[in-house]
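Novice: One structure coming up, written as structure tokens, with questions to follow.
The values are calculated or read from the model by the stated rules, or taken from the named source; none is laboratory data. For clarity, every value in this text was computed on a predicted model and none was experimentally measured. In this analysis, Cβ positions are derived from the backbone assuming ideal geometry, glycine residues included, and neighbour counts consider all displayed protein chains. Protein only, heavy atoms only, side chains kept; ligands, DNA and RNA dropped before computing areas. Shrake-Rupley method; radii C 1.70, N 1.55, O 1.52, S 1.80 Å.
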Amino acid sequence: MARGSMSNLDVAVWVRRAQGSVGCRVDNIYTRGEQLLLKLRAGGDVRFLLVEAGVRIHFTSRTSGLEEASRGFALQLKRLLRDRRLVAVEQLGFDRVVKLTFSGDMSLYAELLPRGVVALVDGRGVIVAASKSLEARDRVVKPGLEYRPPPLQLHNPFLLDASEIASRASVGSDVVRGLVRGLGLPGEVAEEVVYRAGLEPKLSPRGLSVEVYERLRRELEGVYVESMEGRGYLILREGAPVEATPFKPRRFPAEYVVE
């Protein structure tokens, strides 16, 4: 079954590609259900940036069903961001939070984690507007308070050395779960890396040799480098989408189609 939201790797790849949009001006803001769409313009070039809290952020050519922002959070964004220029796009740590910085020292945080919010923050770090108020164990998100992101994964799991991978992966009951829980990898990436390394997914991560972890390290780096090329692949079975990845997966049997 296809994932319902972007992974931390998806975010890293998108942020890299989005650097080409720095300098664009916010021309208008639209909504489509729970989605926000920022119309960005650079000269005659127009692009629509879709932001959906807890799910995704990406550019889209699908503009049917848009409504110009006329109320609530979207209208606040329109009033406060219109005509400002996008000056930076960043990923916080290696997690599913994107920071869009605009001229005039305004920042839009898009949280793609479960229960995530979209928050507009001023130069003092204070929330000006938010897609919803949130009271969690570790933070409160609402206008007038300092913005605090959710707990973040700071390390890049694709650039660890073999000994660090071994140490972190030991928390799992098998090597796939160890890579997911210990390194913070998306599940499909852990499965792919284990497959490329020629390992059984059910192997215990404890007691594996240094050579095995070095293989895993090389495969992790390879998936990361391939992903950063920014091509993207869709995996289909009987015409239905199963998965979308920024790297070309090798682990699927012949009945799956990779496009």
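Novice: Among the residues in segment 177-186, are any in a helix (DSSP H, G or I) and within 18 Å of GLY222 (Cβ to Cβ)? Steps first, answer last, please.
Specialist: In the first step, residues of segment 177-186 are kept if they are in a helix (DSSP H, G or I); the result is 177-183.
Remaining after also requiring within 18 Å of GLY222 (Cβ to Cβ): 179, 183.
Looking for residues that are in a helix (DSSP H, G or I) and within 18 Å of GLY222 (Cβ to Cβ), one finds at least one in segment 177-186, hence yes.
Novice: I would also like to ask the following. Can you tell me which residues in segment 64-89 are among the acidic types (Asp, Glu) and either farther than 16 Å from VAL51 by Cα or surrounded by 19 or more Cβ atoms within 10 Å (Cβ to Cβ) (or both)? Full working, then the answer.
Specialist: Residues of segment 64-89 among the acidic types (Asp, Glu): 67-68, 83.
Of everything in segment 64-89, just one residue is among the acidic types (Asp, Glu) and either farther than 16 Å from VAL51 by Cα or surrounded by 19 or more Cβ atoms within 10 Å (Cβ to Cβ) (or both), namely ASP83.
Novice: How many residues are among the charged types (D, E, K, R) and under 26 Å from GLY72 (Cα atoms) when one looks only at segment 139-168? Please lay out each step first, then the result.
Specialist: Restricting attention to segment 139-168, the residues satisfying the condition of being among the charged types (D, E, K, R) are 139, 142, 146, 148, 161, 164, 168.
Going one step further and asking which of them are under 26 Å from GLY72 (Cα atoms), we end up with 139, 142, 146, 148.
The number of residues fulfilling the criteria is 4.
Novice: Separate question: Would segment 229-238 turn up any residue that is among the acidic types (Asp, Glu) and surrounded by 14 or more Cβ atoms within 10 Å (Cβ to Cβ)?
Specialist: no
Novice: List the residue pairs whose Cβ atoms are under 7 Å apart, where the first residue sits in segment 176-194 and is in contact (Cβ under 8 Å) with a residue 40 or more places away in the chain, the second is open to solvent by 10 Å² or more (accessible area, probe 1.4 Å) and among the hydrophobic types (A, V, I, L, M, F, W, C), and the two are 6 or more positions apart or on different chains.
Specialist: From segment 176-194, the pairs are GLU191/VAL176.
Novice: Here's another thing I want to ask about it. I'd like to verify a number: residues in segment 199-214 that are open to solvent by 80 Å² or more (accessible area, probe 1.4 Å), of a type in the set (D, E, K, R) and not in a loop (DSSP other than H, G, I, E, B), how many?
Specialist: Residues in segment 199-214 being open to solvent by 80 Å² or more (accessible area, probe 1.4 Å), of a type in the set (D, E, K, R) and not in a loop (DSSP other than H, G, I, E, B): 1 in total.
Novice: For segment 233-242, indicate whether the set of residues that are free of Cβ contacts under 8 Å to residues at least 40 places away in the same chain, in a loop (DSSP other than H, G, I, E, B) and more than 30 Å from SER107 (Cα to Cα) is non-empty. Steps first, please.
Specialist: At the first step, the residues of segment 233-242 found to be free of Cβ contacts under 8 Å to residues at least 40 places away in the same chain are 233-240.
Retained after the next criterion (residues that are in a loop (DSSP other than H, G, I, E, B)): 238-239.
Right, trim to more than 30 Å from SER107 (Cα to Cα) and you get 238-239.
Within segment 233-242 (the criterion being free of Cβ contacts under 8 Å to residues at least 40 places away in the same chain, in a loop (DSSP other than H, G, I, E, B) and more than 30 Å from SER107 (Cα to Cα)), the answer is yes, since at least one residue qualifies.
Novice: Please find, within segment 1-40, the residue that is most open to solvent (accessible area, probe 1.4 Å) out of those that are touching a Leu at 6+ places or on another chain (Cβ under 8 Å) and part of a loop (DSSP other than H, G, I, E, B).
Specialist: Taking the candidates together, the pick is VAL22.
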